[in-house]
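My structure is below; once you've seen it, I'll send some questions.
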Amino acid sequence: MKNIVIGQYIPGEGFFYRLDPRTKIISVIVLMVAVFLLDSIYHLLVASGVAMILLLVGKISIGRVFRGLRPLLVLLVFTFVFQILFNRQGAILVNETLTLSATSIVGVLFLTVLWRMLARRGKFRFLLLLMYLGGLYLAMRYLTFWWQITTFPFVIYEDGVTMSIFVIVRLVVIITLSTVLTLTTKPTDLTQGLEKLMRPLKVIGIRSEDFALIISISLRFIPTILDEANKIMSAQASRGADFAEGKLKDKIKQVISLLVPMFIIAFKRSEELADAMESRNFVPGKPRSRINELVFNRLDVLTSVFVVMCLTGSILIRVL
Amino acid sequence: MSYIEIEDLSFSYTGKRKILENINLLIEQGEWVAVLGHNGSGKSTLAKLMIGLLDPMSGSIKIDSTLLEEETTYEIRKKIGIVFQNPDNQFVGVTVKDDIAFGMENLLVPRAEMLEKIDFFARKVGMSDFLDKEPASLSGGQKQRVAIAGILAMQTKIIIFDEATSMLDPYARAELMDYIRELHDEGITIIMITHDIEEAMLADRLVILKEGKIHADGAKKQLLGQPEVFETSSLELPMAIRIAGMLENNDDKLKAVKEYLWEFSFDR
Amino acid sequence: MGIQFRQVSYHYPSGSINFYPAISDISLSIAAKGEFIAIVGHTGSGKSTLAQHMNALIFPTSGEVEIFGSVVSKRRDKKVKYNDLRQKVGLVFQFPEYQLFEETVEKDIMFGPINFKVPVEEAREIAKKAIVMVGLDESYLRRNPFNLSGGEKRRVAIAGILALDPEILVLDEPTSGLDPQGKKQMMELFKDIQDKTGKTIILITHDMDLVYEHTSRVIVLNDGLLVYDGSPDALFKRDDLAKYHLNYPETIRVLSAIKERFGVDIDVYQKDAISAANVIRLVMGQ
């Protein structure tokens with residue numbers, strides 16, 4: 001296996017790539033705090049506008065960032081539905097009565113089946129989910145004839161809508177910030193940045209160098225271990241343990257047949273690696289010189305100033 | 001005074017069965033010694049003892065007149081390096097450059113000097129074009145060469161190869177052997193642990209281990225004249241020597257062929 | 001029956017996660033009985049990729065593989081039970097000792113048969129036979145596989161595949177990491193298995209001496225292409241093996257050197273030291 005990309009890093013050029021990882025890490029944290037401080041939807045929209053401009057300046061494709069959001073779609077939808085249904089403040093926007101009847105149940109079932117079948121195709125899943133939710137509403141609103149079982153009110157309050165939008169925009173902005181960090185920073189630089197930033201933790205006995213070394217070795221071995229897992233899975237599949245087929249009971253045995261060898265190999269590997277490191281004069285806890293150095297430049301200063309301004313801005317807005 | 005002095009060395013993991021027993025071995029500077037032995041003969045254990053990864057049960061190891069003990073391991077490991085069998089499990093760095101630097105970082109070599117040395121030694125092992133590559137995109141032979149560069153960069157004078165070619169294909173193996181020959185020509189002391197006789201034929205001297213003891217130790221030519229030494233320790237002689245051993249001595253022409261077969265084995 | 005490759009290719013666009021080197025347009029046929037085949041080629045030539053097609057562990061991106069009557073192609077056929085094909089063609093991976101995971105040797109050998117729905121008692125009987133077939137005795141069945149020596153572990157792992165009673169046995173570099181004695185014993189084991197069962201045995205190897213001495217057919221891959229399929233004797237008579245990164249067997253190299261040095265007409269194609277010594281005597285002696 002060759003050239004597997006670890007993490008989300010995508011090689012590229014542009015503003016964000018030239019920043020010191022330390023600046024990026026701190027900036028992202030500070031900007032997140034700033035975003036959390038904003039409590040009005042309008043300020044938040046301004047903030048997301050600023051985030052957009054940053055992406056454009058940094059030549060980062062917005063599509064990329066939104067792909068980073070994908071795993072969190074479910075969370076976003078859940079937040080949205082939760083806010084809409086349970087927030088009971090502000091003016092009433094919608095006040096309807098929904099009916100559970102023989103026809104609406106059939107409609108709901110039909111929509112569910114249709115949704116699951118289409119979703120399995122894998123495309124436009126998010127859109128489908130929204131259409132499904134809308135369809136549910138329409139079905140229960142209008143299919144009221146035959147055997148009405150029960151009715152219940154469906155009320156949407158103004159604050160429900162604003163809050164749900166507010167929470168979602170806030171989440172999107174925050175995720176965008178962290179995606180920019182991981183998209184533009186090599187895992188090794190990220191580790192090194194973290195190491196330097198965690199240095200003060202020495203006071204409470206945490207050695208940031210060790211931590212960074214552990215992370216970088218883990219990163220180094222991820223492709224190797226994936227390769228290994230693939231080999232062992234194939235080897236056990238040759239003995240009839242097909243990880244794709246089979247019942248749950250068989251699955252457990254199959255997973256064990258993968259995990260035990262993986263553990264044994266990982267153990268052997270770590271022992272050999274420790275030997276190799278020790279034989280090259282590595283002594284845990286001893287100071288080492290470093291081949292990779294981090295240097296601040298003018299961009300970092302500019303960025304820091306900008307970030308501090310953002311933070312001050314949101315504090316002022318909050319206080320005033 | 002020899003460069004490496006191993007005296008009465010014994011080792012055991014449990015205290016009961018001895019993995020190594022009363023090993024005595026003197027190695028001179030610039031020698032190329034092949035340590036041969038069947039699987040489980042204790043040859044890799046010997047390597048680990050020499051670099052201080054294991055502590056002997058009894059006996060001593062001196063390298064360049066320094067006794068190997070806890071306080072001196074750091075100094076000893078500046079003089080002696082080891083390339084292990086599995087290319088993957090000794091690649092510490094995220095990239096080739098980082099891996100060559102690893103040992104130097106431990107020795108607190110300043111960054112500017114490291115960069116210079118990385119360039120120099122990467123070129124030496126033919127890896128200059130791969131400095132920013134990750135191990136996943138390198139072949140086994142390339143990884144072993146990076147390991148060598150990392151050791152050389154520490155100014156090491158002795159390199160142990162612990163079955164370092166056994167996971168490589170014949171092509172990569174021959175290539176690595178060429179690099180090792182070059183190191184030897186430059187005065188590096190080579191200790192090659194192997195069970196491959198063809199590989200051992202490049203050494204000046206053979207040490208054969210059998211069940212934890214030194215079974216034979218001598219110049220290559222001398223030992224190859226004693227086939228029983230190999231037969232009794234689960235090893236094979238090189239094909240040419242085996243054929244030579246089957247030919248009669250009473251015929252001039254056959255004698256000439258025999259002589260040539262010996263020559264052939266040595267000049268690989 | 002047996003295995004047929006029809007214009008099989010396997011490749012993936014660069015950049016996608018892919019564990020195997022590519023192969024292109026490979027057609028060959030392997031009989032179900034009596035063959036002893038070597039697959040050779042440099043690292044990355046696609047040897048292992050080819051082997052993994054033989055029991056449907058990976059699927060061709062074009063072309064098809066017919067394994068004992070079942071067709072495996074890009075499109076997965078719901079009617080074909082791919083898992084069952086793995087019983088027909090037993091694949092022993094490189095360093096198979098790493099696949100051991102049970103607490104006794106017996107259980108580990110039984111893992112395969114039980115996956116193929118063999119009743120437990122029967123599987124136990126099979127384990128007994130398999131352990132003997134790999135040259136260990138029944139007392140090993142109760143032992144913990146992790147306490148065995150490297151060579152013994154490897155035998156147990158091979159027994160685990162033999163327990164499936166495959167028609168064809170494919171072994172990926174079964175001698176790697178073994179000392180000369182271990183290598184010799186391993187090769188004797190395969191010969192023995194073939195003599196007793198008549199199964200076709202396929203070895204993936206780098207060792208040309210072993211290919212020359214033991215096998216009856218060689219398949220050479222170079223950069224994913226099949227460049228030779230025939231007898232080892234004819235292969236080593238060619239003088240262009242260097243372009244496939246292949247060596248000549250040691251006997252041929254030694255005898256060729258003598259031929260050149262002494263300017264004698266000697267038949268260099270000998271498979272072992274004894275016959276090599278004989279031809280030298282024949283040509284040089286009285």
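The values are calculated or read from the model by the stated rules, or taken from the named source; none is laboratory data. All figures in this text were calculated on a predicted structure; none of them were measured in a lab. Virtual Cβ from ideal backbone geometry, glycine too; neighbours counted across all protein chains shown. Accessible surface is based on the protein model in full, side chains and every heavy atom, while ligands, DNA and RNA are left aside. Shrake-Rupley method; radii C 1.70, N 1.55, O 1.52, S 1.80 Å.
What number of residues within the stretch B:1-23 satisfy the criterion of being under 16 Å from residue B:51 (Cα atoms) and assigned to a strand (DSSP E or B)? Please lay out each step first, then the result.
First, the residues of the stretch B:1-23 that are under 16 Å from residue B:51 (Cα atoms): B:3-7, B:9-11, B:20, B:23.
With assigned to a strand (DSSP E or B) added as a condition, the list becomes B:4-7, B:9-11, B:20, B:23.
Within the stretch B:1-23, residues that are under 16 Å from residue B:51 (Cα atoms) and assigned to a strand (DSSP E or B) number 9.
Going through C:211, C:218 one at a time, which residue ends up being modelled with pLDDT of 90 or more, in contact with a Leu (Cβ under 7 Å, 6 or more places away or on another chain), over 18 Å from residue C:157 (Cβ atoms) and away from chain B (no Cβ under 11 Å)? Lay out the reasoning, then the answer.
Values: C:211 fails: in contact with a Leu (Cβ under 7 Å, 6 or more places away or on another chain).
Just one listed residue meets the conditions, C:218.
Quick one: which helices (runs of 4 or more DSSP H) sit completely within the stretch C:229-286 and have at least 2 residues that are closer than 27 Å to residue C:30 by Cβ and open to solvent by less than 10 Å² (accessible area, probe 1.4 Å)?
Numbers: elements: C:232-237, C:250-262, C:273-284.
Counting at least 2 such residues, we get C:232-237.
Going by what's in this entry, would residue A:277 be described as more than 30 Å from residue C:170 (Cβ to Cβ) and part of a helix (DSSP H, G or I)?
On the way: more than 30 Å from residue C:170 (Cβ to Cβ): yes; part of a helix (DSSP H, G or I): yes.
Taking the combined requirement at face value, the residue satisfies it.
Of the residues A:17, A:42, which is open to solvent by 20 Å² or more (accessible area, probe 1.4 Å), farther than 18 Å from residue A:177 by Cβ and modelled with pLDDT of 80 or more? Before the answer, list the steps.
Values: A:17 fails: farther than 18 Å from residue A:177 by Cβ.
The unique qualifying residue is A:42.
May I ask you to list the residues in the stretch A:208-237 that are at the interface with another protein chain (Cβ under 7 Å from one of its Cβ atoms) and open to solvent by 70 Å² or more (accessible area, probe 1.4 Å)?
Matches in the stretch A:208-237: A:231 only.
Here is a further query. Tell me yes or no: at least one residue of the stretch B:78-90 is among the hydrophobic types (A, V, I, L, M, F, W, C), closer than 30 Å to residue A:227 by Cα and in a helix (DSSP H, G or I).
Taking the stretch B:78-90 as the starting set, the residues that turn out to be among the hydrophobic types (A, V, I, L, M, F, W, C) are B:80, B:82-84.
In the following step, the residues that additionally are closer than 30 Å to residue A:227 by Cα were identified as B:82-84.
Going one step further and asking which of them are in a helix (DSSP H, G or I), we end up with none.
Among the residues of the stretch B:78-90, not one is among the hydrophobic types (A, V, I, L, M, F, W, C), closer than 30 Å to residue A:227 by Cα and in a helix (DSSP H, G or I), which makes the answer no.
Has the stretch A:100-108 got any residue that is in contact with a Ser or Thr (Cβ under 6 Å, 6 or more places away or on another chain), open to solvent by 40 Å² or more (accessible area, probe 1.4 Å) and of a type outside the set (S, T, N, Q)?
For the stretch A:100-108, residues in contact with a Ser or Thr (Cβ under 6 Å, 6 or more places away or on another chain), open to solvent by 40 Å² or more (accessible area, probe 1.4 Å) and of a type outside the set (S, T, N, Q): present.
Matching residues to (1) open to solvent by 20 Å² or more (accessible area, probe 1.4 Å); (2) within 22 Å of the chain's Cα centre (by Cα); (3) not β-branched (Val, Ile, Thr):
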position	(1), (2), (3)
C:102	no, no, yes
C:107	yes, no, yes
C:110	no, no, yes
C:116	yes, no, yes
C:119	yes, no, yes
C:122	yes, no, yes
C:131	no, yes, no
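Please go through the stretch A:287-297 and give me each residue that is facing chain B (nearest Cβ under 7 Å) and farther than 14 Å from residue A:189 by Cβ, ordered by number.
Those that are facing chain B (nearest Cβ under 7 Å) and farther than 14 Å from residue A:189 by Cβ: A:287, A:288, A:289.
Restricting to the stretch A:271-320, name every residue that is crowded, with 16+ Cβ neighbours inside 10 Å, free of Cβ contacts under 8 Å to residues at least 12 places away in the same chain and among the hydroxyl-bearing types (Ser, Thr, Tyr).
The answer is A:279, A:289.
Follow-up question, since we're still on this one. Return the residues of the stretch A:243-265 that are within 11 Å of chain C (Cβ to nearest Cβ), hydrophobic (A, V, I, L, M, F, W, C) and open to solvent by 50 Å² or more (accessible area, probe 1.4 Å); say none if nothing qualifies. Steps first, please.
Narrowing the stretch A:243-265 to residues within 11 Å of chain C (Cβ to nearest Cβ): A:243-246, A:250, A:253-265.
Subset that is hydrophobic (A, V, I, L, M, F, W, C): A:243-244, A:255-256, A:258-260, A:262-265.
Within the stretch A:243-265, A:243, A:244, A:255, A:256, A:259, A:263, A:264 qualify.
In the list A:205, A:240, which residue meets the criterion of being at positive phi and within 14 Å of chain C (Cβ to nearest Cβ)? Spell out the reasoning first.
Numbers: A:205 fails: within 14 Å of chain C (Cβ to nearest Cβ).
Going through A:205, A:240 in turn, just one is at positive phi and within 14 Å of chain C (Cβ to nearest Cβ): A:240.
Which pairs do you get when a residue that is farther than 19 Å from residue B:202 by Cα, found in the stretch B:238-249, comes within reach of a residue that is in a loop (DSSP other than H, G, I, E, B) and modelled with pLDDT under 90, reach meaning Cβ atoms under 9 angstrom, with the pair 6+ apart or on two chains?
Filtered contacts from the stretch B:238-249: B:247/C:285; B:248/C:285.
For the stretch B:162-183, name all the residues that are open to solvent by 40 Å² or more (accessible area, probe 1.4 Å) and either in contact with a Pro (Cβ under 9 Å, 6 or more places away or on another chain) or in contact (Cβ under 8 Å) with a residue 60 or more places away in the chain (or both).
Passing the criteria: only B:167.
Which of the residues spanning the stretch B:231-262 are more than 7 Å from chain C (Cβ to nearest Cβ), surrounded by fewer than 16 Cβ atoms within 10 Å (Cβ to Cβ) and more than 18 Å from residue B:198 (Cβ to Cβ)?
If the condition is that a residue be more than 7 Å from chain C (Cβ to nearest Cβ), surrounded by fewer than 16 Cβ atoms within 10 Å (Cβ to Cβ) and more than 18 Å from residue B:198 (Cβ to Cβ), then B:232, B:248, B:249, B:250, B:252, B:255, B:256, B:259 are the ones that fit.
Is it fair to say residue A:49 is of a type outside the set (Ser, Thr, Tyr), out of contact with any Gly (no Cβ under 9 Å at 6 or more places or on another chain) and assigned by TED's automatic domain parsing to the domain that holds residue A:12? Show your work before the answer.
Details: of a type outside the set (Ser, Thr, Tyr): yes; out of contact with any Gly (no Cβ under 9 Å at 6 or more places or on another chain): yes; assigned by TED's automatic domain parsing to the domain that holds residue A:12: yes.
Here the answer is yes, as residue A:49 does meet what is asked.
Looking only at the stretch B:17-36, decide whether some residue is small (Gly, Ala, Ser) and within 28 Å of residue B:221 (Cβ to Cβ).
We begin by selecting, within the stretch B:17-36, every residue small (Gly, Ala, Ser); these are B:30, B:34.
Still in the running and within 28 Å of residue B:221 (Cβ to Cβ): B:30, B:34.
Within the stretch B:17-36, one or more residues are small (Gly, Ala, Ser) and within 28 Å of residue B:221 (Cβ to Cβ).
Out of B:71, B:31, which single residue is more than 10 Å from every other protein chain (Cβ to nearest Cβ) and within 30 Å of residue A:291 (Cβ to Cβ)? Show your work before the answer.
Numbers: B:31 fails: within 30 Å of residue A:291 (Cβ to Cβ).
Sole residue among the options that is more than 10 Å from every other protein chain (Cβ to nearest Cβ) and within 30 Å of residue A:291 (Cβ to Cβ): B:71.
Can you find, within the stretch B:71-101, the residue that is nearest to residue B:124 (Cα to Cα) among those that are without any contact (Cβ under 8 Å) to a residue 12 or more places away in the chain and open to solvent by 20 Å² or more (accessible area, probe 1.4 Å)?
B:98
Here's another thing I want to ask about it. Please work out which one of (1) of a type outside the set (A, V, I, L, M, F, W, C); (2) more than 13 Å from chain C (Cβ to nearest Cβ); (3) touching a residue at least 12 places away in the same chain (Cβ under 8 Å) is the condition residue B:227 fails and give its number.
(2) is the only condition that residue B:227 fails.
Working carefully through the options C:64, C:106, C:138, C:152, find the one that is of a type in the set (D, E, K, R) and at pLDDT 95 or above. Steps first, please.
Working: C:64 fails: at pLDDT 95 or above; C:138 fails: at pLDDT 95 or above; C:152 fails: at pLDDT 95 or above.
Exactly one of C:64, C:106, C:138, C:152 is of a type in the set (D, E, K, R) and at pLDDT 95 or above, namely C:106.
Let me ask something additional. Suppose we keep only residues that are assigned to a loop (DSSP other than H, G, I, E, B) and either without any contact (Cβ under 8 Å) to a residue 12 or more places away in the chain or hydroxyl-bearing (Ser, Thr, Tyr) (or both) within the stretch C:81-115. Which one would you say is nearest to the other protein chains (Cβ to nearest Cβ)?
Going through the stretch C:81-115, the residues assigned to a loop (DSSP other than H, G, I, E, B) turn out to be C:81, C:93-95, C:100-104.
With either without any contact (Cβ under 8 Å) to a residue 12 or more places away in the chain or hydroxyl-bearing (Ser, Thr, Tyr) (or both) added as a condition, the list becomes C:81, C:101, C:104.
Details: C:81: 8, C:101: 4, C:104: 13 Å.
The selected residue is C:101.
Report the residue count in the stretch A:196-223 for those that are without any contact (Cβ under 8 Å) to a residue 12 or more places away in the chain and in a helix (DSSP H, G or I). Steps first, answer last, please.
Of the stretch A:196-223, the ones without any contact (Cβ under 8 Å) to a residue 12 or more places away in the chain are A:199-206, A:213-214, A:218, A:220.
If we keep only those that are in a helix (DSSP H, G or I) as well, we get A:199-204, A:213-214, A:218, A:220.
Within the stretch A:196-223, residues that are without any contact (Cβ under 8 Å) to a residue 12 or more places away in the chain and in a helix (DSSP H, G or I) number 10.
Spot the failing condition for residue C:177; the list is (1) surrounded by fewer than 21 Cβ atoms within 10 Å (Cβ to Cβ); (2) under 18 Å from residue C:93 (Cβ atoms); (3) at pLDDT 90 or above, and only one is missed.
(3) is the only condition that residue C:177 fails.
How many residues are more than 14 Å from chain C (Cβ to nearest Cβ), touching a helix residue (DSSP H, G or I) at 6+ places or on another chain (Cβ under 8 Å) and more than 16 Å from residue B:157 (Cα to Cα) when one looks only at the stretch B:39-51?
Of the stretch B:39-51, the ones more than 14 Å from chain C (Cβ to nearest Cβ) are B:45-51.
Retained after the next criterion (residues that are touching a helix residue (DSSP H, G or I) at 6+ places or on another chain (Cβ under 8 Å)): B:48, B:51.
Checking which are more than 16 Å from residue B:157 (Cα to Cα) leaves us with B:48.
Number of matching residues: 1.
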